[in-house]
Amino acid sequence: MPEPIDLEYDVVADDYQTAGEASNNLKETLKILGVNSSICRRAAIIAYEAEMNLVIHAGGGRIVANIDENKVEIKTIDQGPGIPDIGLAIQEGYTTAGDHAREMGFGAGMGLPNIKRNADVFEIDTKVGVGTTLRTVINLKESPI
């Protein structure tokens, strides 16, 4: 990979019609770059779950992906309500999704747990009433022993 690649996507609140386009675009870009299929799958899961969190919980936001020869970094930035209890939010099955999202089959409380499970680095910076930045990294190369 000669030059790092930066991708940015705006995600609109409650837009279930286009939800998933950013994550799909990231996955296709990684495939074109020849990234290992298991890495492509992990990145797609992280990006999709993060994208859905922006759609369902955060009032929309932005996904920024940086790809270089060593890693895929995926960040989401929003100015939503923030996460009052990160420990609770990363528990499988915990959700604050409203009835509308759950009626559509979303909001099962697996988003953050799935993101954490698929990331080599998982960081959340959140402030209630201000917003949240989620940063994940998938390493493309083995760490030297």
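The values are calculated or read from the model by the stated rules, or taken from the named source; none is laboratory data. Since the structure is predicted, the reported quantities are computational estimates derived from the model, not experimental observations. Cβ sites come from the backbone with ideal geometry, for glycine too, and all protein chains shown count toward neighbours.
For the reader, a short list of remarks on this structure follows.
- V130 meets all of the listed conditions (1) touching a Leu at 6+ places or on another chain (Cβ under 8 Å); (2) modelled with pLDDT of 90 or more; (3) surrounded by fewer than 21 Cβ atoms within 10 Å (Cβ to Cβ); (4) closer than 24 Å to A13 by Cα but one, namely (1).
- Subset of the stretch 88-126 that is on the phi > 0 side of the Ramachandran plot and surrounded by fewer than 13 Cβ atoms within 10 Å (Cβ to Cβ) - its residue that is modelled with the highest pLDDT: G93
- Y16 falls short on exactly one of the conditions (1) among the hydroxyl-bearing types (S, T, Y); (2) assigned to a loop (DSSP other than H, G, I, E, B); (3) within 23 Å of D120 (Cβ to Cβ), and that condition is (3).
- For the stretch 96-113, the tally of residues that are under 16 Å from the mean Cα position of the chain (by Cα) and closer than 21 Å to D14 by Cβ stands at 7.
- Test: D85 is farther than 20 Å from S38 by Cα and surrounded by fewer than 17 Cβ atoms within 10 Å (Cβ to Cβ): yes
- A single entry from I45, I63, I77, I56 fulfils the requirement of being more than 20 Å from G107 (Cβ to Cβ), buried (at least 16 other Cβ atoms within 10 Å of the Cβ), aliphatic (A, V, I, L, M) and within 15 Å of the chain's Cα centre (by Cα): I77.
- Selection status of A50, among the small types (G, A, S), at pLDDT 95 or above and either under 19 Å from A119 (Cα atoms) or not in a strand (DSSP E or B) (or both): yes
- Taking the stretch 1-35 as the range and being in contact (Cβ under 8 Å) with a residue 40 or more places away in the chain, more than 16 Å from N66 (Cβ to Cβ) and touching a Leu at 6+ places or on another chain (Cβ under 9 Å) as the test, the residues that pass are V11, V12, A13.
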